[in-house]
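A.B. asks: One structure, as C-alpha cells, below. Some questions next.
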Amino acid sequence: MLRSTKIVATLGPASSDPAVLERMIRAGVDIVRLNFSHGTADDHLARATLVKQLCAKVGRTVGIMCDLQGPKIRVGKFKDGKVTLEKGARFVLDAGCTMGDIGRAGLDYKELPRDVEAGAVLLLDDGKIVLDVIEVRGEEVHTTVRHGGVLSNNKGINRQGGGLTAPALTAKDMEDIKTSAKLQADYLAVSFPKSGADMYMARELMRAAGGKAFLIAKIERAEAVGESALLDIMRGSDGIMVARGDLAVEVGDASVPALQKKMIRLARQENKLTITATQMMESMISSPVPTRAEVSDVANAVLDGTDAVMLSAESASGKYPVEAIESMHRICVEVEQTQPLNLEQDFLNRVFTRVDQSIAMAALFTAYHLKVKCIASLTESGSTALWMSRLNCGVPIYALTAQTATRYRCALFRDVYPLMVKYVGHDREELLREAEKTLVENNAVKDGDLIVLTFGEPIGKSGGTNTMKIVKIGENRSS
C-alpha cells in the first residue's frame, strides 16, 4: 500500500550504524532529520553522505532536514551535576554564577533578569520544575520553588505565557546554516521564530551560503500561535513544524491538541507543509510496541491532514528505531483508508489567480470524478504537486521531475511520490512518452489505466504548468 503521510526520523547514536539506517530507509523513512543541537558539522556531513549512499543502494528518495538549535535558554552547570529542589525553598537564577549549587544556578541565557519580573512563572526541564519569581536584583532572579524535583546541568527554561526576548538565530545557527548549505539540505528547520522576519533572515543567510533548502518554522513559542503571528511566520516559510514540546510548556499542555488542528488547517489553506512532532512514539524509546494512546496520537495527526509525523529520540537514541518506523507506517496506512473525501466542499470559496494553480485544481477535480489511476505532474520546481497535495482527492500524485533537488524536496509532500524523469529536451510527445515509461517502470500504472497528466509549455520552463491531458496508458505506443 502507498502511504500518503510521510515519516521524518531523527538520526543519532541509535541510527548511526549503516545497517540500521538502511533498515530504517527500507522500513519507510521519507526524510531524515539532523539535529544541530548535538554533534559537530563533520558528524552531520558524514551522516548526510551515508544517507545519500544508502538511498542510491535501496532505490528510495529520502530528503535531508537540518534542524537548527536556536537560542539556548538554559540553566548552567552544577558542582555535582544536579541538585534536588524542595517545594517552598528559595532558589536564585544568577547570570553571574559560573557553578551552581543547592541555592542557585548559573544561566546560559544572560538576558533572563531583563525578561522577567515579580509574578512571572518559570518552567524548567520541560515544565517538570516550576519556579515563581519573587523579585529581580541586578543579575539575579529570586524565586520560590512551586514544584520541586531533580534539576541537572543545562536544562531548558521557559516562561509561562512566553515573553523571552532571545533572537531566533544565534551565532551558532548562522554557522550551522552554512553547514546545511554545504551538505545540500532539502529542508532547514528554524527553532523559536516569533515573526516572519526571523524566517526571512534565515532564508537570506541560507541563500548567501548557496543553499536552496525549503524553510520549516518550528512553532514552539506562545507568541507564535496567535492567528496573525502564525500567518506572518507561515508566509515567510515553506512549512511549519507543530513542535509540541516547548509549545506545551509555554501555553499549557491542554491547549496543544486544538492548536495542532488549527495550525494544520491554516497551513493547508496557505499551501504550506506541516510536520507534527514530539513524543509521538515516546514509549518506543524502550519498548518494541507503542501505547494505545500513541497510536491514537499518530492517527489523529494523519486525520488532521499533517504532511508528516516525526520521530525524535525514538529513532535517534531509542532501542527500537526500525520498529518505531514500521509502527508509524502501519498506523498511517490504516488510518488513511478511512479518510473522508470532501473535494466538492474543499473547492467552495477558492479563488485561483494563477494559471498553474488553476491547472492543478482542474487535475484534482478531474481525477476525483473520473476515478483515474493517478495524477502525474511533470514539474520543474514541485509547486504544482504541492498545490495538488493540499486537497485530498483520493488519488496518488506522482511528481515527475528532471531536477534532483525537486525530487528530494517532494519527499515531504503528503500524497506525492517523486520520480526521476531523465528527459531534458523540448519535444512534447517525446516527454510524454518518457513520463509514461517512468510510471510503468515504477509499477505506478499498467496498460489501459487512465491518468491525468499536467505539464507546462514551452517544455522545461519553471512555473509554467499550463496544460492538463487525460491519457490512457499504452495508447501512444500502439498507435
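A.B. asks: Evaluate the distance, in nm, between pseudo-label points positioned 7 Å from the Cα of ASP42 and of LEU266 along their respective Cα→Cβ axes.
C.D. replies: Calculated label separation equals 4.3 nm.
A.B. asks: Once you order the gyration tensor axes a ≥ b ≥ c over the Cα atoms, which shape class does region 404-451 get: rounded for a/c under 1.5, otherwise prolate or oblate by comparing a/b with b/c?
C.D. replies: Taking the square roots of the gyration eigenvalues as a ≥ b ≥ c, region 404-451 is oblate.
A.B. asks: Can I ask one more? How compact and how long is the chain, expressed as Rg and Dmax of its alpha-carbon atoms in Å?
C.D. replies: Rg, Dmax (Cα atoms, Å): 24.0, 86.
A.B. asks: Beta carbons within 10 angstrom, averaged per residue: use that to sort the peptides 248-254, 139-145, highest first.
C.D. replies: Listed from highest to lowest mean packing, they are 139-145, 248-254.
A.B. asks: Across region 148-265, how many lysine pairs, 8 or more apart or on two chains, come within less than 17 Å at their alpha-carbon atoms?
C.D. replies: 6
A.B. asks: Shifting gears a bit: Run lengths n ≥ 4 of DSSP H only: what is the helix-derived mean residue ellipticity at 222 nm for the chain, with -39500 (n - 2.57) per run over all residues, to the nearest 500?
C.D. replies: -10500 deg cm²/dmol
A.B. asks: Now for a different question. Can you compute the equivalent ellipsoid semi-axes for region 1-135, i.e. the square root of 5 times each eigenvalue of the Cα gyration tensor, sorted largest first and rounded to whole Å?
C.D. replies: 42, 16, 14
A.B. asks: Sum up the charges of everything whose Cβ sits under 12 Å from the Cβ of VAL295, counting Lys and Arg as +1 and Asp and Glu as -1, but leave VAL295 out.
C.D. replies: Surrounding charge for VAL295 is -1.
A.B. asks: Sticking with this one: Which of the peptides 20-28, 438-446 is most tightly packed, and how do the rest follow, going by the mean number of other Cβ atoms within 10 Å of each residue?
C.D. replies: Final packing ranking: 20-28, 438-446.
A.B. asks: Identify all lysines with a Cα-Cα distance to LYS422 below 16 Å; exclude those on the same chain that are fewer than 8 residues away in sequence.
C.D. replies: Within the straight-line cut-off, LYS422 pairs with LYS437, LYS461.
A.B. asks: Which FRET efficiency value, to the nearest 0.05, is calculated for GLN345 and LEU2 with the Förster distance at 25 angstrom and r the Cβ-Cβ distance?
C.D. replies: That gives a FRET efficiency of 0.55.
A.B. asks: So if each residue of separation counts as 0.36 nm, and I subtract the Cα-Cα distance between ASP115 and ALA89, what length gain in nm does that give?
C.D. replies: Contour length minus the Cα-Cα distance gives 7.1 nm.
A.B. asks: Also: Relative contact order for region 219-334: what is it in percent, counting Cα pairs under 8 Å that are at least 6 residues apart?
C.D. replies: 23 percent
A.B. asks: Let me ask another. For region 41-158, what does the accessible surface come to per residue with a 1.4 Å probe? Please give it in Å².
C.D. replies: Accessible area per residue, region 41-158: 45 Å².
A.B. asks: Let me ask another. Determine the gain in length on full extension of the stretch SER152-TYR200; use 0.36 nm per residue of separation and subtract their C-alpha separation, reporting nm with one decimal.
C.D. replies: 13.7 nm
A.B. asks: Moving on. Could you let me know the centre-to-centre spacing of region 192-257 and region 97-169, using Cα atoms, in angstrom?
C.D. replies: Cα centres, region 192-257 to region 97-169: 23 Å.
A.B. asks: Quick one: compute a quarter of the convex hull surface over the Cα atoms of region 224-356 and quote it in nm².
C.D. replies: Across all orientations, region 224-356 yields a mean hull projection of 9.7 nm².
A.B. asks: Let me ask something additional. Report for the chain the percent antiparallel among DSSP-assigned beta bridges with both residues inside it, nearest 5.
C.D. replies: 40 percent
A.B. asks: What order do you get for 304-316, 32-44 when each peptide is scored by the mean count of other beta carbon atoms within 10 Å, highest first?
C.D. replies: 304-316, 32-44
A.B. asks: With a ≥ b ≥ c taken as the square roots of the eigenvalues of the C-alpha gyration tensor of region 331-400, please select rounded if a/c is under 1.5 and otherwise prolate if a/b is larger than b/c or oblate if it is not?
C.D. replies: Oblate, since a/c reaches 1.5 and b/c is not below a/b.
A.B. asks: Quote the FRET efficiency, to the nearest 0.05, computed for THR404 versus HIS426 with a Förster distance R0 of 22 Å and r equal to the Cβ-Cβ distance.
C.D. replies: 0.65
A.B. asks: Further, regarding this structure: What number, in percent, do you get for the relative contact order of the chain if the mean sequence gap of Cα pairs under 8 Å and at least 6 apart is divided by its residue count?
C.D. replies: Reported relative contact order: 14 percent.
A.B. asks: Report the percentage of all Cα-Cα pairs in region 115-189 whose separation exceeds 17 Å, rounded to a whole percent.
C.D. replies: Beyond 17 Å sits 59 percent of the P(r) for region 115-189.
A.B. asks: Quick one: pull the percent of accessible area on region 146-232 belonging to carbon and sulfur, 1.4 Å probe, ligands and nucleic acids left out.
C.D. replies: 54 percent
A.B. asks: If you don't mind, another one. Would region 171-278 count as rounded, prolate or oblate if I go by the C-alpha gyration tensor, calling it rounded below 1.5 in a/c and otherwise prolate when a/b exceeds b/c, oblate otherwise?
C.D. replies: It comes out prolate by the Cα gyration axes.
The values are calculated or read from the model by the stated rules, or taken from the named source; none is laboratory data. Computed from a prediction, not measured in an experiment: that's the story for all the values here. Ideal geometry is used to build each Cβ from the backbone, glycine not excepted, and the neighbour counts take in all protein chains shown. Side chains are part of the model used for accessible areas, which takes the heavy atoms of the whole protein and leaves out ligands, DNA and RNA. Shrake-Rupley method; radii C 1.70, N 1.55, O 1.52, S 1.80 Å.
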